[in-house]
Amino acid sequence: QQAKFYENIMKILRPKPDYFAVGYYGQGFPTFLRNKVFIYRGKEYERREDFQAQLMSQFPSAEMMNTTSAPGEDVKNSPGQYIQCFTVQPVLEEQPRFKNKAVPDQIINFYKTNNVHRFHYSRPVRKGSVDPENEFASMWIERTSFVTAYKLPGILRWFEVVSMSQTTISPLENAIETMSTTNEKILMMINQYQSDENLPINPLSMLLNGIVDPAVMGGFAKYEKAFFTEEYTRDHPEDQEKLNRLKDLIAWQIPFLGAGIKIHERRVSDNLRPFHDRMEECFKHLKVKVEKQYGTRELVFDDKRVGRPRSMLRSYRQLSVISLSSMNSDCSTPNKIASESFDLEIVLPKPVKAESEEAVLQINPHPEVKMRRSKKRTKRSSVVFADEKTAPDISVSDMKCV
């Protein structure tokens, strides 16, 4: 039964719940809700529209706010009821016991939406002149972070927000974050398709084609036009380290894409063979260009770990089995799993010891053991010899009387 549970953890799809930030503003609410913000954990596959409808049914006289920014004092001090609701993203916390260890993606995905108490909401903000041909150059991100009183899920499906903070992310930092997320997604896909031969090929096809084919999403060419120019380097000398970080992420994406295309080649059907050939041709041109500008990165596959790649990726966080160590620790992925995790000798009893204990029990059995054995013998004899059942009963009663 326990082995079945472990198998379900690794193979059964777990629906990820959404989290919603709900603010109750106005003097019309009771004191425990008035001008406070709460984080709610949604049910499985629950949409924000359905959650809002249920929320408004509890407060029919309330008015739903259409903005996500914090309201002013006039709204908070008004006699009415105003509700603000929007989706927030949970923030994965570092697990010390997972540091520098090979952890399956399924386990990491569990902690992305469970046992969390930090959440953030991001919205784009335009600053300065806007380039209509390249929106990434002027796209700033305003990020609001929420911290709840207790971790979710808990006794309740909602907890009060005890602290809020707001930060602004520059377009370059946003590009770094986007590239890092894309690399994580590719690595996770490689893990999934390496471990399960029955997965459909369509999700992998869409992901790879959207990156390597510039006609689909543009790839990272827009980042190059926005940030890798002499004008930007001259105007922002303090961003040199961040520019190197973005170049490193772009260079590392090539071996990740190569590993994904190799898997796609083995799985693709004859009908999709022209599509794969087109994607592989685009990847070859992209690889030549990136390696010429940003250098070559190598991704080594370890056969002992079901073909999962390992490398010396310094610019990537350890969020999966094949992703490498965190930026603040050693860069190498451990090749050997800790012995304390799979020490079978501690769990399994030794047969010699079990036989010796059984021999001792047979020589000097406990009185309760004697009584149970005598009852079993009595029950067996009563089934076979029904007429003799009363004999031991009389003898036992006579002995009690004596």
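The values are calculated or read from the model by the stated rules, or taken from the named source; none is laboratory data. Everything numeric in this text was worked out from a predicted model, so none of it was measured. Using ideal geometry, Cβ is built from the backbone for each residue, glycine included, and neighbour counts are taken over all protein chains shown.
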Within the set of pairs 6+ apart or on separate chains, which have a first residue in the stretch 202-220 that is over 16 Å from Met189 (Cα atoms) and modelled with pLDDT under 85, a second that is surrounded by fewer than 17 Cβ atoms within 10 Å (Cβ to Cβ) and of a type in the set (Gly, Ala, Ser), and C-beta atoms under 7 Å apart? Pro214/Ala221; Val216/Gly210; Met217/Gly210
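Would you please name the residue that is farthest from Ile39 (Cα to Cα), looking only at residues in the stretch 83-97 that are within 14 Å of the chain's Cα centre (by Cα) and in contact (Cβ under 8 Å) with a residue 60 or more places away in the chain? Walk me through how you get there before you give the answer.
From the stretch 83-97, those within 14 Å of the chain's Cα centre (by Cα) are 89-95; that's our starting set.
When the remaining residues are screened for being in contact (Cβ under 8 Å) with a residue 60 or more places away in the chain, the result is 89-90, 92, 94.
Details: Gln89: 11, Pro90: 10, Leu92: 16, Glu94: 21 Å.
Filtering the stretch 83-97 for residues that are within 14 Å of the chain's Cα centre (by Cα) and in contact (Cβ under 8 Å) with a residue 60 or more places away in the chain, the one farthest from Ile39 (Cα to Cα) comes out as Glu94.
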Consider the stretch 120-157. How many of its residues are crowded, with 16+ Cβ neighbours inside 10 Å, over 22 Å from Glu177 (Cα atoms) and not hydrophobic (A, V, I, L, M, F, W, C)? 1
Could you check Gly80 against (1) in a helix (DSSP H, G or I); (2) in contact with a Gly (Cβ under 7 Å, 6 or more places away or on another chain); (3) not aliphatic (A, V, I, L, M) and say which number it fails? (1)
Please give the helices (runs of 4 or more DSSP H) falling wholly within the stretch 160-238 in which 1 or more residues are among the basic types (Lys, Arg) and within 15 Å of Ala259 (Cα to Cα). 171-195
Take Arg118 and decide whether it is charged (D, E, K, R) and without any contact (Cβ under 8 Å) to a residue 40 or more places away in the chain. yes
Check the stretch 140-161 and report whether any residue there is in the same structural domain as Thr67 (by TED's automatic domain parsing), farther than 30 Å from Tyr24 by Cα and in contact (Cβ under 8 Å) with a residue 24 or more places away in the chain. no
Flagged pairs (Cβ under 7 angstrom, 6 or more apart or on separate chains; first in the stretch 170-194, under 14 Å from Tyr223 (Cβ atoms); second outside any helix (DSSP H, G or I)) are Ser170/Trp140; Pro171/Met139; Pro171/Trp140; Asn174/Met139; Asn174/Ile141; Met179/Phe220; Asn183/Tyr316
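Filter the stretch 250-298 down to residues that are of a type in the set (D, E, K, R) and in contact (Cβ under 8 Å) with a residue 12 or more places away in the chain and give me whichever is surrounded by the fewest Cβ atoms within 10 Å (Cβ to Cβ).
Glu298
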